[in-house]
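Below: the structure, in structure tokens.
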């Protein structure tokens, strides 16, 4: 799944200073892909955004959790709720190789991602 990042400026310019004291160290904010928004409920999206912004969980664990939630949601054509997302997060945290076994025949990666 393609990940999209957008450059953002922190409201507190002290977070945007480089080593020389100049402004220029911009943060990156992850924007959920169209399929991620489709298969994650608004509450699960909020959990994902909190994890991505706080970095309390390693980024690769959060990304893998999002991917597994999309795989699970696409199998049942449902939006994954926050409690299921958190259960997937726990599974991925305990076993980084955790994968939802699925045989999705359609390509989950959009060739032309859109930012709204």
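No value in this document is a laboratory result; all are computed from the given coordinates. None of these values were measured; they are calculated from a predicted model. Because the Cβ atoms are built from the backbone with ideal geometry, glycine has one as well, and the counts that use them run over all protein chains shown.
Does any residue of segment 54-63 turn out to be surrounded by 15 or more Cβ atoms within 10 Å (Cβ to Cβ) and in contact (Cβ under 8 Å) with a residue 40 or more places away in the chain?
There is at least one residue in segment 54-63 that is surrounded by 15 or more Cβ atoms within 10 Å (Cβ to Cβ) and in contact (Cβ under 8 Å) with a residue 40 or more places away in the chain.
In the list 71, 48, which residue meets the criterion of being crowded, with 17+ Cβ neighbours inside 10 Å and in contact with a strand residue (DSSP E or B) (Cβ under 8 Å, 6 or more places away or on another chain)?
Of 71, 48, the one residue that is crowded, with 17+ Cβ neighbours inside 10 Å and in contact with a strand residue (DSSP E or B) (Cβ under 8 Å, 6 or more places away or on another chain) is 48.
Filter segment 74-94 down to residues that are at negative phi and either buried (at least 20 other Cβ atoms within 10 Å of the Cβ) or in a loop (DSSP other than H, G, I, E, B) (or both), then give me how many there are.
8
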